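The values are calculated or read from the model by the stated rules, or taken from the named source; none is laboratory data. If you're wondering where the values come from, they're calculated on a predicted model, not measured in any experiment. Every residue, glycine among them, receives a Cβ derived from its backbone with ideal geometry; neighbour counts consider all protein chains shown.
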Amino acid sequence: MNKFSRTVGAAQAAPFAPAATERSVDEITGGRRLRRMRKADWSRRLVQENRLTVDDLIWPLFLIEGENREEPVAAMPGVSRYSVDLAVKQAERMARLGIPAIATFPNIDQARRDETGSHSLDADNLINRATRAIKAAVPEIGIITDVALDPFTSHGHDGILRDGEIVNDETVSQIAAAAVGQAIAGADIIAPSDMMDGRVGAIRDALDNHGFQHVAIMSYATKFASAFYGPYREAIGTGGLLKGDKKTYYLDPANTDEALREAEQDLAEGADMLMVKPGLPYLDIVRRLKDSFAMPTFAYQVSGEYSMIKAAATNGWIDGEKAMMESLLAFKRAGCDGILTYFAPEVAERL
Ligand code: PBG
């Protein structure tokens, strides 16, 4: 009987006292003890399998018109919308922190929004002006632009709405044209988030026809019709506009084989990187995509995921910083090469 014996003292009375024939833990485990490597900080560090680094982070940045304007997003404590001049300052800050790339999302003036999102084609719209300004001031940071129509439509849908229907092919033509505009402005990666059929191939053709062979496509390959986008819609001012839901184009949260087919299709059409959105509730999809395609795979920890952690932390219900780090490490474990997260600057400062 050694010191690891699990036999308890004689003080313990029947009927739950150990039987004389009870096996020791070493007999049960065959001498294997997984806690051995967990016994100290140094040994835990030594066997750690996944690590989060600053190189894994992409920061989503909200834009507004005007000058010297910073407008906090109420539902996302710590997140603001910035006018282009301040967005440049933020991009400089991210570059200093070592964050490789940012992803921009414009809050377009309501007066500029219409049924078809035509302002998305304007070379001087908010997102394109921001790209030009950031590229000029901070050439070392990568710029990812979302090419969906929702910031530009009066109904908040990602596509052109006609007779109550999101019309696929017309939307695809417009998105491809808007992507060329974004590339001309200096975008490094075009990220279509609209889930229309054929968009990736159409964008690839359009970029190539205009000499933008070097501009990559990060496909929001598996974007689910999710409740976790709520705070984002407040941030870009589409929340009040949106009638109905996006179920005719986003994926059903119940489906995983369909997500695989979406990713396969986007890769066949020329996507360079895959993205899963939302993040934490869909880590099984990340793992499946990574295992199936071995492509650069990303996830978007969306606004609602951010707000949940912030809200609980503000109430003192969880340790916000630890929950933030743990959630991001979980993305790495699931197979992500990088994560779009509103926590990016906070995490980069910690790392
Ligand atoms: C739409 C789009 C969405 C997000 C970014 N682009 C979803 C939507 O409004 O339906 C969500 C981002 C987030 O919640 O953080 N093209």
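Here are some notes:
- Selected residue (only one of Asp41, Asp56 is among the charged types (D, E, K, R) and either at pLDDT below 95 or surrounded by 10 or more Cβ atoms within 10 Å (Cβ to Cβ) (or both)): Asp56
- Residue in segment 201-212 that is within 16 Å of the ligand (Cβ to nearest atom) and more than 20 Å from the chain's Cα centre (by Cα) present: yes
- Verdict on Asp337 being within 14 Å of the chain's Cα centre (by Cα) and more than 25 Å from Val172 (Cα to Cα): yes
- Pairs with Cβ under 8 Å, 6+ apart, first in segment 209-221 and under 16 Å from Val147 (Cα atoms), second in a loop (DSSP other than H, G, I, E, B) and among the acidic types (Asp, Glu): Val215/Asp188; Ala216/Asp188; Ala216/Asp272; Ile217/Asp272; Met218/Asp272; Tyr220/Asp194
- Cross-chain or 6+ apart pairs with Cβ under 6 Å, segment 70-83 first and touching a residue at least 12 places away in the same chain (Cβ under 8 Å), then of a type in the set (Lys, Arg) and in a loop (DSSP other than H, G, I, E, B): Ser83/Arg69
- Val347 out of contact with any Leu (no Cβ under 7 Å at 6 or more places or on another chain) and either modelled with pLDDT of 95 or more or among the hydroxyl-bearing types (Ser, Thr, Tyr) (or both): no
- Taking segment 128-145 as the range and being within 12 Å of the ligand (Cβ to nearest atom) and under 9 Å from Gln182 (Cα atoms) as the test, only Thr145 passes.
- Residue match in segment 330-344 (condition: of a type in the set (Gly, Ala, Ser), surrounded by fewer than 22 Cβ atoms within 10 Å (Cβ to Cβ) and closer than 20 Å to Pro192 by Cα): yes
- Selection over segment 146-195 of residues that are away from the ligand (no atom under 14 Å from the Cβ) and among the acidic types (Asp, Glu) gives a count of 5.
- Test for Phe228: is it modelled with pLDDT of 95 or more and within 13 Å of the ligand (Cβ to nearest atom): yes
- Number of residues in segment 116-160 that are surrounded by 18 or more Cβ atoms within 10 Å (Cβ to Cβ), part of a helix (DSSP H, G or I) and of a type in the set (A, V, I, L, M) equals 4.
- Here Trp317 clears all of (1) touching a helix residue (DSSP H, G or I) at 6+ places or on another chain (Cβ under 8 Å); (2) more than 16 Å from the ligand (Cβ to nearest atom) except the condition numbered (1).
- Selection within segment 258-273 - touching a Lys or Arg at 6+ places or on another chain (Cβ under 9 Å) and surrounded by fewer than 20 Cβ atoms within 10 Å (Cβ to Cβ): Leu260, Glu269, Gly270
- Complete set of residues in segment 141-200 that are acidic (Asp, Glu) and farther than 15 Å from Gly244 by Cβ: Asp146, Asp169, Glu170, Asp188, Asp194, Asp197
- Residue match in segment 226-248 (condition: part of a strand (DSSP E or B) and either of a type outside the set (Ser, Thr, Tyr) or closer than 30 Å to Pro139 by Cβ (or both)): no
- Filter result (over 25 Å from the mean Cα position of the chain (by Cα) and not basic (Lys, Arg)) within segment 155-175: Leu161, Asp163, Gly164, Glu165, Val167, Asp169, Glu170, Ser173
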